[in-house]
Amino acid sequence: MSSNGQHGNDQPNGQPSKGTDQVKRGLAQMLKGGVIMDVVNPEQAKIAEDAGACAVMALERVPADIRAQGGVARMSDPDMIEGIMKAVTIPVMAKARIGHFVEAQILQALGVDYIDESEVLTPADEENHINKHKFVVPFVCGARNLGEALRRINEGAAMIRTKGEAGTGDVVEAVRHARMMMRDIRKLQTMDEDELFTFAKELGAPYHLVKETRELGRLPVVNFAAGGVATPADAALMMQLGMDGVFVGSGIFKSGDPAKRAKAIVEAVTHYDNPDILARVSRNLGEAMVGINVSSMPDADKIATRGW
Amino acid sequence: MKIGVLALQGAFIEHEKTLHSLGIETTQVRLPEHLEGIDGLIIPGGESTTIGKLATSYGLIEPLRAFARQHPTWGTCAGMIFLAQDIGIEAQPILGLMDIKVNRNAFGRQVDSFEVDLEVKGLDGGPFHAVFIRAPLVESAGPEVDVLARLDDGGIVAVQQGHWLATAFHPELTEDTRLHQHFARMVRGT
């Protein structure tokens, strides 16, 4: 290795391949330990990047506004997404409706870095999710438990996030979903291997992915927390529960001082197990988003039940 | 021997797992005091802007630079950007050590990310399967820099300059441990 001179390239390299599972899952691995922030315009995207976000989610309305305004929530205007892609150098994600593979085709044509097939938008298909294997761009999908996560991975999802309950500022559902996933994985690891077949059936998940999860002791793809994270403490809580990183939707730009809160949440995710730093970054952040208590919310208003 | 992995953001656990499989002890570096007692440092892949901002906020830039001047340091992807002297923009904090000019996101967006079998100078046992994710590219390298690997179009993707190693791709994402073994030899040699 120490010899001088240029590499001669006398032997040609292999053929490059794009859009492989390795490459799709790999970007999610590079996002780990980071915060992905919802932004609705290039100015917010710059604030997020300056605060240290590892990616942004470009969308027209944050979940809190989708809740407040109602109506059908769809993929955002390509012009608005492109404006955000031009404003920052970090990866840009965008949302497609569950099952709406044409919205996904459009987002891939725009060159977004990740597609979120998201329950926050109004589902376009009540039986089928997008066949994500058909795309070069990677997908992230929401899940409430291990079975749902593995079904999405089987369809080609390269990253999973808890659904939580988006747009509420209440972390309780994200905690519930993270704990359910972790509990099922622990259960899987202590089980007799002869019991895996029936457990796979109970989960509604393919056997080979159940087996792989057992061997890895974790999901085969990166798993972020999402849906209700509003404070640095919420973000660190999700990290200590074993999540790989955090999405913050309405929690930043619906708060009193978005730039300061965004930076504090980024630092809380890096130093999630250092209470002294968490105490320091939690100070004087101004108003948090107002929030909706999930336990007093009618079932019909919950969006985590979307997706199958 | 203990190798530190900068653990501000990104794929630091993957590097630790590979090193553990080689029986090498690791530690996560998040604050300046975590640099004490380590013999080498890996700066992993992740978002270079995020890592740069966190390193600045926690007073790590100067301690990292001082450490890397003295000890073997390896940057993968974002870590390569960190080690470079020239990345074409002023705003982003870097260590600025290796005599290379690096173009960040040189290949475009995620849909242009790829994997390829690569000939790496000095590695026995055939090509190295290299995974490039929104990867940087070395646009030019100074006379002291040893070029270890190029793409078919001539683009430089692995370099070494003395005790500094930089790869545009991610050896921590594949099972091939040869580059980690190479780095471990660099650390042992000092």
*asked:* Looking at the structure I just gave you, is residue B:94 among the hydrophobic types (A, V, I, L, M, F, W, C), part of a loop (DSSP other than H, G, I, E, B) and free of Cβ contacts under 8 Å to residues at least 60 places away in the same chain?
replied: yes
Of the residues in the stretch A:25-52, those that are in contact with a Ser or Thr (Cβ under 8 Å, 6 or more places away or on another chain), at the interface with chain B (Cβ under 10 Å from one of its Cβ atoms) and not small (Gly, Ala, Ser) come to A:27, A:49
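Restricting to the stretch B:109-127, and then to whatever is in a loop (DSSP other than H, G, I, E, B) and at the interface with another protein chain (Cβ under 7 Å from one of its Cβ atoms), can you tell me which residue is surrounded by the most Cβ atoms within 10 Å (Cβ to Cβ)?
B:113
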By residue number, the members of the stretch A:229-253 that are modelled with pLDDT of 95 or more and either over 18 Å from residue A:283 (Cβ atoms) or among the basic types (Lys, Arg) (or both) are A:229, A:238, A:239, A:240, A:241, A:242, A:243, A:244, A:245, A:246, A:247, A:248
Going through the stretch B:14-51 in order, the residues found to be within 14 Å of the chain's Cα centre (by Cα) and either within 11 Å of chain A (Cβ to nearest Cβ) or open to solvent by less than 10 Å² (accessible area, probe 1.4 Å) (or both) are B:14, B:15, B:40, B:41, B:42, B:43, B:44, B:45, B:46, B:47, B:48, B:51
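Matching residues to (1) more than 14 Å from chain B (Cβ to nearest Cβ); (2) free of Cβ contacts under 8 Å to residues at least 60 places away in the same chain; (3) in contact with a Phe, Trp or Tyr (Cβ under 9 Å, 6 or more places away or on another chain):
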residue: A:105; (1), (2), (3): no, yes, yes
residue: A:117; (1), (2), (3): yes, yes, yes
residue: A:150; (1), (2), (3): yes, no, no
residue: A:163; (1), (2), (3): yes, no, no
residue: A:196; (1), (2), (3): yes, yes, yes
If you go through A:93, A:80, the only one that is free of Cβ contacts under 8 Å to residues at least 60 places away in the same chain, on the phi < 0 side of the Ramachandran plot and open to solvent by 10 Å² or more (accessible area, probe 1.4 Å) is A:80
The strands (runs of 3 or more DSSP E) lying wholly within the stretch B:132-176 that contain at least 2 residues that are among the hydrophobic types (A, V, I, L, M, F, W, C) and within 11 Å of another protein chain (Cβ to nearest Cβ) are B:146-150, B:156-161
Among (1) touching a residue at least 60 places away in the same chain (Cβ under 8 Å); (2) hydrophobic (A, V, I, L, M, F, W, C); (3) more than 22 Å from residue B:173 (Cα to Cα), residue B:19 falls short only on (3)
A careful count of residues in the stretch A:58-81 that are under 17 Å from the mean Cα position of the chain (by Cα) and either within 14 Å of another protein chain (Cβ to nearest Cβ) or hydroxyl-bearing (Ser, Thr, Tyr) (or both) gives 1
(1) of a type in the set (A, V, I, L, M, F, W, C); (2) farther than 24 Å from residue A:65 by Cβ; (3) in contact with a helix residue (DSSP H, G or I) (Cβ under 6 Å, 6 or more places away or on another chain) all hold for residue A:166 apart from (2)
message = With the structure loaded, tell me whether residue A:13 is within 11 Å of another protein chain (Cβ to nearest Cβ) and more than 15 Å from the chain's Cα centre (by Cα) or whether it fails that test.
response = yes
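The values are calculated or read from the model by the stated rules, or taken from the named source; none is laboratory data. Keep in mind it's a predicted model, so treat the numbers as computed, not measured. All Cβ positions, glycine included, derive from the backbone under ideal geometry; neighbour counts span all protein chains shown. Keep in mind that these areas ignore ligands, DNA and RNA; they rest on the heavy atoms of the full protein, side chains included. Shrake-Rupley method; radii C 1.70, N 1.55, O 1.52, S 1.80 Å.
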